[in-house]
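Here is the structure we will look at, set down as structure tokens.
None of the figures in this text is laboratory data; all of them are computed from the coordinates on show. Just so it is clear, the model here is predicted, and its values are computed rather than measured. Don't worry about glycine lacking a Cβ; one is built from the backbone with ideal geometry, like all the others, and counts go over all protein chains shown.
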Amino acid sequence: MLRDRLTHIAPILRLADIAPIAAPRPWEEIVQCDLADAAAVEAMVAGCDGILHLGGISVERPFAPIMQANILGLYNLYEAARAQGQPRILFASSNHTVGFWQQSDRLRPDCPYRPDGLYGVSKVFGEALARMYFDKFGQETALLRIGSCTERPENHRMLGSWFSHDDFLRLIEAVFRVPKLGCPVIWGASNNSRGWWDNSHLDWLGWQPQDNAEDYAAEIARQQPPPAPDDPLARFQGGLFTQFPIYKD
Ligand code: 15L
């Protein structure tokens, strides 16, 4: 989604994935890289002015792949950034760091973590690692706790958690434009009437989410019956993630 929408941010976009990426455009550099491979990660980061870190495991999985990509991989990324001039990082954290809070709770960025699985725990680790690199070395990171970044909200829970593509893009622009970033927690959500997260600490960032999942509420209500109040989809901010077992393979 972002690939074609970031061209105004930098003249060269270096795209990286563990899987091959096809058909680079003239302004794209392609790097195939396993985040667990420290030397490969350093080569990937070398020469970058900014890093949008969306890599790694993005859903609940067994611990071994999460450890490789989200724990070792993140350490490799921060060590590479430290060696390569500390380019600003936007780190894709997740609402699953706080998934066991209720949807009736309203959260500020300093609320206690309540991860809803191993994936959420790995994002808590990521936030802690980023903050340590900020306090120790001044490495700037946006700790972006992404809600549900989809083209449109897809269910009742997403009326609270939706993060539109356009609001995400506007946030990326703000994060790499603002003169001083620091290491703030940012709730990655649109301006949803039923939202759960308070971004009022971010006045200085120059970002105002503009979309609202409420515009889709009637359509969702027509398509799917609302979940019962004790359904995890309606109860917990992390929704179904709170119900997953500890996967072994
Ligand atoms: C996430 O962190 C996941 O990466 C994504 O796949 C969705 O599950 C999203 O959270 C969500 O909670 O909707």
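Beta carbons within 10 angstrom, averaged per residue: use that to sort the peptides 216-225, 197-206, highest first.
So the peptides 216-225, 197-206, ranked by packing, come out 197-206, 216-225.
Which whole-number percent gives the relative contact order of the chain, counting Cα pairs below 8 Å spaced six or more residues apart?
For the chain, the relative contact order is 19 percent.
What is the antiparallel percent of DSSP beta bridges lying wholly in the chain, to the nearest 5?
Of all bridge pairs located within the chain, approximately 5 percent are antiparallel.
Could you grab the Rg to Rh ratio for the chain? Cα atoms only, Kirkwood for Rh.
With Rh from the inverse mean 1/r over Cα pairs, Rg/Rh is 0.96.
Compute the angle between helix 165-177 and the longest alpha-carbon principal axis of the chain, please, reported from 0 to 90 degrees and rounded to the nearest 10.
40
Once both labels are modelled 7 Å past Cα along the beta-carbon direction, what's the Met132-Asp203 spacing in nm?
Reported label-point gap for Met132 and Asp203 is 3.4 nm.
Using a 10 Å cut-off on Cβ atoms, rank the peptides 209-215, 103-109 from the highest mean neighbour count down.
209-215, 103-109
Amide H of Leu144: which non-local residues (sequence gap of 5 or more, or other chain) have their own amide H closer than 5 Å, using H built in the peptide plane?
Hits under the 5 Å cutoff: Phe91, Ser93, Ile186.
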